[in-house]
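Scroll down for the structure; my scribbles are underneath it.
The values are calculated or read from the model by the stated rules, or taken from the named source; none is laboratory data. Worth saying up front: this structure is predicted, and the values here are computed from it rather than measured. Neighbour counts run over all protein chains shown; Cβ positions are idealised from the backbone, glycine included. Ligands, DNA and RNA are excluded from the accessible area calculation, which covers all protein heavy atoms including side chains. Shrake-Rupley method; radii C 1.70, N 1.55, O 1.52, S 1.80 Å.
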Amino acid sequence: MMADEASLAQMMTAAQNGDAAMYRALLAEVQLWLERYYRRRVPPSQLDDLVQDVLLAVHKKRATWDNRRAFYPWLAAIARYRWVDHLRKVYRSAEDELGDHDVAEDSEEEAVMARMSLERLFVHLPDKQAKAIELVKIEGLSIAEASQRTGQSESLVKVNIHRGLKKLSALVEKAE
Amino acid sequence: MNRVSTPLIDALAQDLAPVRPIRLSHGVALVALAAIGTVVLVELIEGLWRGILDGAPSTEFFMTNGMLGLLGAASAYAVLRMATPHVGNSHEGARWSAGMLTLLPLTALVMLGFGGFAAALTQDMYGLGCFVAGSAFGLATAAALTLWLRRGAPVSLKAAGTYTGIAAGAIGSFAFGLACPVDDIGHLGIWHVAPVVLSGLVGRFAIPPLVRW
């Protein structure tokens with residue numbers, strides 16, 4: 001069971017005031033949330049790096065959370081931002097496979113998570129751009145393989161990835 | 001809720017120091033100071049148009065400067081909010097205000113016709129000066145907003161850059177507009193709006209590298 005919004009907000013307020021024990025507990029919750037958030041959208045071999053990257057970002061930018069606003073949307077915005085950056089930088093190696101990682105959908109935060117999920121970003125992309133990004137950046141296919149799989153020319157796959165990533169980065173704060 | 005702590009979490013917790021959360025009101029105060037400072041600078045360098053209080057200017061003068069001021073405020077507010085990321089943030093106010101400003105050159109075009117519009121574009125001897133001054137007087141606002149974004153955690157970098165430029169151009173043009181006695185729609189609709197367009201474009205490309213984190 002994941003911590004609820006109110007508990008996390010309370011922990012974050014304490015962390016902003018310098019309470020290290022609360023902060024440790026908060027980061028552990030955040031780490032768990034991020035692992036769930038990124039499942040299916042990040043290969044397992046890259047998950048730890050990305051989660052650690054976001055934890056560092058949370059630490060560095062903890063002053064930017066306003067305690068009069070909800071905690072999860074703040075965290076999700078940072079998580080999306082780092083994920084789009086990650087897609088730009090990293091190609092998944094061919095042997096990696098996305099795990100199913102079916103965890104029980106077990107808390108009232110599910111509705112919030114669904115609203116802020118990464119899939120919500122993909123629905124704003126044209127199918128061809130979303131497919132090109134999924135195949136090359138997430139499943140780790142080469143441009144040639146993705147071209148064969150989708151029937152798009154290699155240049156078109158590249159263009160679709162470029163345009164898709166550009167669009168994703170503009171959608172980070174969009175809720176739906 | 002016993003979670004496993006990792007070495008990274010332990011290290012971050014050890015490194016923890018109290019922080020003062022970013023407050024939107026402080027950002028608003030910072031931009032307001034920059035805008036007031038800009039108007040004071042215009043008064044010192046150019047001198048504000050004394051006829052304003054006597055009702056000498058045309059309706060277009062008040063409409064144009066009012067729209068520029070509102071666009072500057074709406075865009076600056078959007079940028080200040082972008083420093084604190086949040087899924088669900090929207091910047092519709094700034095977007096609609098920017099759309100509203102396009103009414104000015106459109107009005108100029110309708111009122112003057114193509115020939116008159118072209119003449120206002122090519123033969124206005126004060127136009128270029130207003131364009132350059134309006135753009136330059138936006139620098140204080142641009143600097144204030146960029147500083148604020150660097151303190152924050154903007155996640156929509158291009159939007160943040162574009163609106164920073166629009167806010168700077170609008171506030172700069174507004175401030176200089178208070179010193180410019182040329183108050184016909186041809187002059188105002190072109191040369192006092194152009195700094196907003198230029199600054200928005202410059203902001204879109206120049207600001208993101210400065211605020212990336």
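The mean sequence distance of close C-alpha pairs (under 8 Å, at least 6 residues apart), as a share of the length of region B:23-211, puts its relative contact order at 34 percent.
Across q = 0.14, 0.21, 0.25 Å⁻¹, region B:104-154 modelled as identical point scatterers on its alpha-carbon atoms has Debye log10 I(q)/I(0) values of -0.58, -0.78, -0.91, in the order of the q list. Among the listed pairs A:Lys60/B:Lys158; A:Lys89/A:Lys167; A:Lys89/A:Lys128; A:Lys128/A:Lys158; A:Lys128/A:Lys166; A:Lys89/A:Lys137, those whose Cα-Cα separation exceeds 18 Å are A:Lys60/B:Lys158; A:Lys89/A:Lys128. For region B:202-213, backbone phi angles converted through the Karplus equation (6.51, -1.76, 1.60; θ = phi - 60°) give residue-by-residue couplings of 4, x, 4, 9, 8, 6, x, x, 7, 10, 5, 9 Hz, Gly and Pro being listed as x.
Report, as a whole number in µm² per second, the diffusion coefficient that Stokes-Einstein gives for region B:23-211 at 25 °C and 0.890 mPa s using the Kirkwood radius over alpha carbon pairs. Roughly 149 µm²/s, to the nearest whole number. Could you give the distance between the Cα centres of region B:183-200 and region B:93-143, to the whole Å? Cα centres, region B:183-200 to region B:93-143: 1 Å. Peptide B:86-95 is shielded by partner chain Cβ atoms: per residue, an average of 6 of them sit within 10 Å of its Cβ. Across peptide A:19-32, the mean count of Cβ atoms from other chains lying within 10 Å of each residue's own Cβ comes to 5. Site pair B:Trp213 and B:Ala118 shows an inter-label distance of 5.1 nm when each label is modelled 7 Å from Cα along Cα→Cβ. Sorted into 5 angstrom bins from 0, the C-alpha pair distances of region B:101-213 split as 2, 14, 21, 19, 15, 11, 8, 5, 3, 0 percent. Altogether, the Stokes-Einstein calculation at 10 °C and 1.306 mPa s, with the Kirkwood radius of region A:118-176 over Cα pairs as Rh, returns a diffusion coefficient of 140 µm²/s. Averaging the Cα positions of each part gives two centres, and for region A:12-45 and region B:149-174 these lie 30 Å apart.
For region A:118-176, with all protein chains present and a 1.4 Å probe, just round the carbon and sulfur fraction of the accessible area to a whole percent. Mind showing how you got there, number by number?
Working: 1410 of 2980 Å².
Ligands and nucleic acids excluded, carbon and sulfur reach 47 percent.
What would the Debye equation give as log₁₀ I(q)/I(0) for the protein assembly as shown at q = 0.11 Å⁻¹, counting only Cα atoms as equal point scatterers? Relative scattering, expressed as log10 I(q)/I(0), comes to -0.86.
B plus A alone minus the pair: what accessible area, both sides summed, probe 1.4 Å, in Å² to 100? Please report the intermediate quantities before stating the final value.
On the way: alone 11990 and 9680 Å², together 17930 Å².
Between B and A, the summed buried area is about 3700 Å².
R0 = 51 Å: FRET efficiency of A:Lys89 with B:Ser58, Cβ-based, nearest 0.05?
Details: r = 55 Å, r/R0 = 1.08.
The value I calculate is 0.40.
Determine the gain in length on full extension of the stretch B:Leu41-B:Leu106; use 0.36 nm per residue of separation and subtract their C-alpha separation, reporting nm with one decimal.
Working: separation 65, 0.36 × 65 = 23.40 nm, distance 3.08 nm.
Length gained between B:Leu41 and B:Leu106: 20.3 nm.
Contact residues in region A:40-63 (at least 50 Å² less accessible area with all protein chains than alone, 1.4 Å probe): A:His59, A:Lys61, A:Arg62, A:Ala63.
Shielding by partners for peptide A:140-147, expressed as the average number of C-beta atoms from other protein chains within 10 Å of each residue's C-beta, is 0. Taking the longest Cα principal axis of chain B as reference, the axis of helix B:24-45 is set at about 30 degrees.
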